[in-house]
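Structure first, then comments.
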Amino acid sequence: MTRLQRPTFWLPLLLAAGTVLIAPLLPGQDPPLQRHALALLISLTVALSGYLFTAMVRPERF
Amino acid sequence: MTTLPAQPIFPRMPRGRRDQRRYTPRPRQKGLVRRAALQAFVKLDPRIAVRNPVMFVVWCGTVVCLLATGMPNLFGGGAENSGRVFNGLISLTLLATLLFANFAEALAEGRGKAQADALRRTQARTQARLLDPQGGGERLVDSSMLRRGDVVMVSAGDTIPADGEVIEGVASVDESAITGESAPVLKEAGSDVAGSVTGGTRILSDQLTIRITADPGKGFIDRMIALVEGAERTKTPNEIALTVLLAVLTQVFLIAVATLPPLAAYLKEPTPVVTLVALLVALIPTTIGGLLSAIGIAGMDRVAQFNVIATSGRAVEACGDINTLVLDKTGTITLGNRLAEEFLPVGGHSEVELAQVAYGASAFDQTPEGRSIARLVEQRSSVVPFASLPVALDGASGIEFSARTRMSGTDAADGSEYRKGAVEAIKGFVRSRGGTIPEDLDATYEQVSRLGGTPLAVCRGGTIFGVIYLKDIIKPGIRERFDQLRRMGIRTVMLTGDNPITAGVIAREAGVDDFIAEATPEDKIAVIEGEQKLGKLVAMTGDGSNDAPALAQANVGVAMNSGTQAAKEAANMVDLDSDPTKLIDIVTIGKQLLITRGALTTFSVANDVAKYFAILPALFAGIGLGPLNLMGLASPRSAILSAMVFNAVIIPALVPLALKGVEFRPLSAEQLLRRNLLLYGLGGVITPFVGIKAIDLAIAALGFR
């Protein structure tokens, strides 16, 4: 149960979900690899932003 | 009162006369750089990198760039593809940025670990003779088995197994293992200033019975080891505030860079992902992000090298914000030993009579003052016939000085009460015995006080015989130190048991801002609380059990190693050299830590300006931002690469400054801010312009376009 609460477990799932959701919305990226790579990059940026937000509210953990 | 000639102070680090003292041996630096270089790679582990928000963003950017190097078309072909070579070079500079930041941290940690090893060497495991509380016998146990409350016996030649309090015996102890001072110190039971012992020190003579006061791994040295090693280093309030600021800046720039691609696409100026990563890394404060933890660790290291044991980084940092110093006069402002200078008889008594009574009152007084009175009597033996001295002290008992009674003396077997002490206290004693106060006593008292000396009235029963003039010697250079502290905005308050006239003369001579005369231990707490209510941070030193509440109340309490266990427990720092003047030095170390952090943050943020002028024209030359290329950089690619290389190399270039600390100058906060803004703000703007241009010229010379 504690394993499920760890970011190392749910973060990759969220990234994958984000990639799958965002990829169809990207126009003009013909090869699926490029489209999914860009979608993953956007998901990563959002995750990074969340991570920085955590650093702002819980700085003592960093 | 005498003032000795001043000596140079604050040359760079706080030193003064202590530069001749042998401090905790400098740790071995051999192999430090090699180990730090290896650690820099180990710290690339994302589980470690994630603890530093700014550098973790760089870590993520490096991964993206490495992917783009392996597959240049991964994030788009055409204009979005900046080429494998360029991507590879950017990846390498980002990797170098991470490694340099890791190296700075590992180097500071390595120095801390070496310092910890030097401290640990003082903690050799030894066999202890543990006394059985029931049977009274003793058995040999390993020192690591000792617990708080255990009672052990140590004899000449033994190493003291753990921190403790002397409960029986008198012995001389070699404390050079922890203080570097080779002269042995006397330890005795029941003493307020010599009753505690530190594990790792060695008994040179006699024997002591010691009650252990710390469980294994919980002693002062253990706490300091954990602190300098970084094992128990928690972020200080300043570090937390700076972490938030850096996270906010990074977040702002991340959002700004993330919104650029749609804008660029609209303007028909598509931007490669690698260039966006380079822009992000150039904009976020990587310099301070990479050096922040190194600065904190190095600050703790400096305190340890100064022979001060701090129980937390918070305490060291609080030193930098101190507004008020509460200082004991004796030992801090004046040399500890006041010496009897003259006998001044009153009430028609002769000097011989006064000397006899003073000798009787000092018969059991082993303090330097008491011994100096006996010495003065001996020096005056030509006027004081020894045969007439009160030698009938068989069966007599000594009355110890206390802060409450403010007098000491002897109760002779024949019922005579010899007393010496503060004039008001002796007056009260004499009145209680039905005596009268001589008319010329106050004049004599004022005469001594105006000289800055301490008048000690002397009486036998209800008769006052006169006053002993105790001479105070102000420490060399102390006035200049107080002047500098005033310029730094720090107020100094002197506490003394002396009368107001003496206290006033010494306060004026030493240059303190305020003084409390005839102070009791309660006054110390009252002064500290009063200052704290005004929103000020207060530092003080102390060594006695009666100082413990005030040490606990002060924001920075520095206990003397020679002090009682109660004082050491209450304080958040312990000075192994037992030098009260060091409080002033500790404040400068704390200030230096804060100034270093502030200066490098200013430099880091100011650095960004030049990077805007390097990267933005390179990114958007097509939409008319070309004229912003003020540096005349060779090409957009060389401009980005130059900015990235500069971003990486500035970190190791600043490592020596981060570890050594910015040069401290005793200036006010406004002056310091102005100076640092000029030096590190303006310098932070100009240096990258010069640096990036120079790197660009070198890159162009290598044929990269």
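The values are calculated or read from the model by the stated rules, or taken from the named source; none is laboratory data. These figures come from a predicted structure and were not determined experimentally. Cβ atoms come from the backbone with ideal geometry, glycine included; neighbour counts cover every protein chain shown. Side chains included, ligands, DNA and RNA excluded: accessible areas come from the protein's heavy atoms. Shrake-Rupley method; radii C 1.70, N 1.55, O 1.52, S 1.80 Å.
The numbered conditions (1) crowded, with 18+ Cβ neighbours inside 10 Å; (2) within 20 Å of residue B:430 (Cβ to Cβ) are all true for residue B:463 except (1). Is it the case that some residue within segment B:308-315 is without any contact (Cβ under 8 Å) to a residue 60 or more places away in the chain, away from chain A (no Cβ under 13 Å) and in contact with a helix residue (DSSP H, G or I) (Cβ under 6 Å, 6 or more places away or on another chain)? No, segment B:308-315 has no match at all. Residues that are more than 8 Å from chain A (Cβ to nearest Cβ), part of a helix (DSSP H, G or I) and in contact (Cβ under 8 Å) with a residue 60 or more places away in the chain within segment B:43-61 comprise B:54, B:55, B:58, B:61, listed in sequence order. Candidates are the residues of segment B:41-67 that are over 27 Å from residue B:248 (Cβ atoms) and crowded, with 16+ Cβ neighbours inside 10 Å; the one that is farthest from the chain's Cα centre (by Cα) is B:67. So, of the residues in segment B:265-278 that are outside any loop (DSSP other than H, G, I, E, B) and within 14 Å of chain A (Cβ to nearest Cβ), which turns out to be most open to solvent (accessible area, probe 1.4 Å)? Of everything passing the filter in segment B:265-278, B:266 is most open to solvent (accessible area, probe 1.4 Å). Listed by position, the helices (runs of 4 or more DSSP H) contained in segment B:509-608 that have at least 3 residues being out of contact with any helix residue (DSSP H, G or I) (no Cβ under 7 Å at 6 or more places or on another chain) and among the charged types (D, E, K, R) are B:521-533. Taken over segment B:521-536, the criterion of being modelled with pLDDT under 85, open to solvent by 30 Å² or more (accessible area, probe 1.4 Å) and touching a strand residue (DSSP E or B) at 6+ places or on another chain (Cβ under 7 Å) is satisfied by B:523 alone. The set of residues from segment B:487-508 being of a type in the set (D, E, K, R) and either at pLDDT below 85 or assigned to a loop (DSSP other than H, G, I, E, B) (or both) comprises B:487, B:498.
Inside segment B:483-534, residues that are among the aliphatic types (A, V, I, L, M) and within 27 Å of residue B:442 (Cβ to Cβ) make up a count of 12. Scan segment B:316-350 for residues that are in contact with a helix residue (DSSP H, G or I) (Cβ under 6 Å, 6 or more places away or on another chain) and either in a strand (DSSP E or B) or open to solvent by 10 Å² or more (accessible area, probe 1.4 Å) (or both) and the total you get is 9. Please tell me if residue B:688 is surrounded by fewer than 17 Cβ atoms within 10 Å (Cβ to Cβ) and not basic (Lys, Arg). No, not satisfied.
Restricting B:416, B:402 to those that are under 19 Å from residue B:364 (Cβ atoms), surrounded by fewer than 23 Cβ atoms within 10 Å (Cβ to Cβ) and within 32 Å of the chain's Cα centre (by Cα) reduces the list to B:402.
Of the residues making up segment A:16-32, those that are open to solvent by 50 Å² or more (accessible area, probe 1.4 Å) and either within 7 Å of chain B (Cβ to nearest Cβ) or over 17 Å from the mean Cα position of the chain (by Cα) (or both) number 5. Segment B:166-258 holds strands (runs of 3 or more DSSP E) entirely within its bounds, and those carrying 1 or more residues that are hydrophobic (A, V, I, L, M, F, W, C), modelled with pLDDT under 80 and open to solvent by less than 60 Å² (accessible area, probe 1.4 Å) map to B:185-188. The residues of segment B:70-86 that are away from chain A (no Cβ under 14 Å) and either part of a helix (DSSP H, G or I) or at pLDDT below 60 (or both), listed by number, are B:84, B:85, B:86. Residues in segment B:652-663 that are at negative phi, open to solvent by less than 40 Å² (accessible area, probe 1.4 Å) and modelled with pLDDT under 90: B:655, B:658, B:659, B:662. Looking at the structure I just gave you, is residue B:97 within 23 Å of residue B:282 (Cα to Cα), modelled with pLDDT of 90 or more and within 14 Å of chain A (Cβ to nearest Cβ)? No: the conditions fail for residue B:97.
Taking residue B:518, is it touching a residue at least 24 places away in the same chain (Cβ under 8 Å), of a type outside the set (Gly, Ala, Ser) and open to solvent by 30 Å² or more (accessible area, probe 1.4 Å)? I'd like the intermediate steps shown before the answer.
Numbers: touching a residue at least 24 places away in the same chain (Cβ under 8 Å): yes; of a type outside the set (Gly, Ala, Ser): yes; open to solvent by 30 Å² or more (accessible area, probe 1.4 Å): yes.
Against the criterion (touching a residue at least 24 places away in the same chain (Cβ under 8 Å), of a type outside the set (Gly, Ala, Ser) and open to solvent by 30 Å² or more (accessible area, probe 1.4 Å)), residue B:518 qualifies.
Residue pairs whose Cβ atoms lie under 6 Å apart, separated by 6 or more positions or on different chains, with the first residue in segment B:412-439 and assigned to a loop (DSSP other than H, G, I, E, B) and the second surrounded by fewer than 21 Cβ atoms within 10 Å (Cβ to Cβ) and polar (S, T, N, Q), are B:435/B:463. Condition first: closer than 12 Å to residue B:291 by Cβ and at pLDDT 85 or above. Can you find one or more residues in segment B:666-677 that meet it? For segment B:666-677, residues closer than 12 Å to residue B:291 by Cβ and at pLDDT 85 or above: absent. Which condition breaks for residue A:10 when tested against (1) within 12 Å of chain B (Cβ to nearest Cβ); (2) of a type outside the set (Gly, Ala, Ser); (3) open to solvent by 30 Å² or more (accessible area, probe 1.4 Å); (4) out of contact with any Gly (no Cβ under 8 Å at 6 or more places or on another chain)? Answer for residue A:10: the failing condition is (1). Taken over segment B:279-312, the residue count meeting the criterion of being assigned to a helix (DSSP H, G or I), under 24 Å from residue B:543 (Cβ atoms) and open to solvent by 10 Å² or more (accessible area, probe 1.4 Å) is 2. Restricting the first member to segment A:48-62 and to residues that are at the interface with another protein chain (Cβ under 7 Å from one of its Cβ atoms) and outside any helix (DSSP H, G or I), and the second to residues that are open to solvent by 90 Å² or more (accessible area, probe 1.4 Å) and of a type in the set (Lys, Arg), the beta-carbon pairs closer than 9 Å and six or more apart or on different chains are A:62/B:51. Among the residues in segment A:50-62, are any more than 28 Å from residue B:270 (Cα to Cα), at pLDDT below 80, over 9 Å from the mean Cα position of the chain (by Cα) and surrounded by 18 or more Cβ atoms within 10 Å (Cβ to Cβ)? Yes.
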